[in-house]
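Before any comments, here is the structure.
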Amino acid sequence: MDSARISTQARRGVVRDALGIAIASGAYAVSFGAISTAAGLSLLQTCALSVLMFTGASQFALVGIVGAGGSVWAGAATAALLGSRNALYGVRLSSILDRSGLRRLLAAHLVIDETTAMAIARESPAEGRFAFWATGAALFSLWNLGTLVGALATDLVPDPKVFGLDAAPPAAFLALLAPQLRAREPMAIALAAGVVALACLPFVPAGIPLLIVALIVALFGVLRSRA
Amino acid sequence: MIWAGVLVACASCYALKLAGLSLPARLLLDARVQRTVPLVPVALLAALVATQTFATGQHLVLDVRAAALGVAVVAVLLRAPFLVVVAAAAATAALLRLL
């Protein structure tokens, strides 16, 4: 077992960080559970998303779009587009994780922002692997627990609008977006995306403006990198 | 219908994660992929903020959600934790509706 090569001190540090991240994410999952049930998804659908999708921004996008009256397919497409960044994490993790067998199938499910950040910041591949699994296990547990708590709490509320829950999704998207706006280019892209989405909104079904924005930004990215 | 969309979305998200661990690195390290993929969440999240704040269905509207977003912006600038940002926005909308 390669985890034996990690010092007890390093392992303790990793576990402490993993728990910290998992607790913060658990709180964030409570808001996901609440928003999802308020959007009209059932308790089971809400929990299924956290168990099976397990990537926050995509989950928020799907329930946000359904809650705003968009089709679930527009929501599913947006969720998948938001999940595309997880594919890039795999490249950085492939030198740390086993690339074969059943374990890779399980590892793939845990490839998200937090586990990647925790795994690649380590001194040795063995430590990175331990950080990946520790963070993944802690986060998966508390993410699903948080979702259940939020969903159960909102299920008891007759009208979610009374608690302003319809105003919660944009705040959640903003909080997810904010850390990515540290440079001028992403800021400009964000502003342009907001304007374009609102401009085409009256003319196409709900949810479609997001796909138009995704198409434009993808074209922009490809053309920019060619120049 | 919602179930079908939920399950297809879950399968797509898993396939993307697995692709990252399975596809040849050469493909994923391509300059166009590396430049484009990180831009997609920025644009989509911004578009989600805009459409979920300033629209109801296909109509542009200005209501308490705009004020709630303003409060969320302040909370984000103050580096408040995720849950605080969301709760502050929800509370703002709820209070303004009571007035």
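Values computed for the structure shown
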| quantity | calculated |
| --- | --- |
| Where A:Tyr89 falls short, out of the listed (1) in contact with a Cys (Cβ under 7 Å, 6 or more places away or on another chain); (2) over 24 Å from B:Ala50 (Cα atoms); (3) of a type in the set (Ser, Thr, Tyr) | (1) |
| Considering residues of the range A:152-176 that are of a type in the set (A, V, I, L, M) and more than 14 Å from every other protein chain (Cβ to nearest Cβ) only, the residue nearest to A:Ile96 (Cα to Cα) | A:Leu152 |
| Failed item, numbered, when A:Ala131 is tested on (1) crowded, with 22+ Cβ neighbours inside 10 Å; (2) within 9 Å of chain B (Cβ to nearest Cβ) | (2) |
| Scan of the range A:49-64 for residues that are part of a helix (DSSP H, G or I), among the hydrophobic types (A, V, I, L, M, F, W, C) and either facing another protein chain (nearest Cβ under 8 Å) or under 9 Å from the mean Cα position of the chain (by Cα) (or both), ordered by number | A:Leu49, A:Leu52, A:Met53, A:Ala57, A:Phe60, A:Ala61, A:Leu62 |
| Wholly within the range B:30-99, helices (runs of 4 or more DSSP H) carrying at least 3 residues that are surrounded by fewer than 16 Cβ atoms within 10 Å (Cβ to Cβ) | B:31-36, B:64-77, B:82-98 |
| Verdict on A:Gly26 being out of contact with any His (no Cβ under 9 Å at 6 or more places or on another chain) and in a loop (DSSP other than H, G, I, E, B) | no |
| In the range A:177-190, residue surrounded by the fewest Cβ atoms within 10 Å (Cβ to Cβ) [restricted to those that are among the aliphatic types (A, V, I, L, M) and facing another protein chain (nearest Cβ under 7 Å)] | A:Ala178 |
| Within the range A:69-121, helices (runs of 4 or more DSSP H) holding 2 or more residues that are of a type in the set (Ser, Thr, Tyr) and facing chain B (nearest Cβ under 7 Å) | A:72-93 |
| Hits in the range B:59-96 (condition: more than 18 Å from the chain's Cα centre (by Cα), within 23 Å of A:Ala206 (Cβ to Cβ) and facing another protein chain (nearest Cβ under 8 Å)) | B:His59, B:Leu60, B:Val64, B:Ala93 |
| Subset of the range B:1-17 that is at pLDDT 95 or above, within 7 Å of another protein chain (Cβ to nearest Cβ) and surrounded by fewer than 21 Cβ atoms within 10 Å (Cβ to Cβ) - its residue that is farthest from A:Trp73 (Cα to Cα) | B:Tyr14 |
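The values are calculated or read from the model by the stated rules, or taken from the named source; none is laboratory data. Computed from a prediction, not measured in an experiment: that's the story for all the values here. Neighbour counts are summed over all protein chains in view; Cβ atoms, including those assigned to glycine, are modelled from backbone coordinates with ideal geometry.
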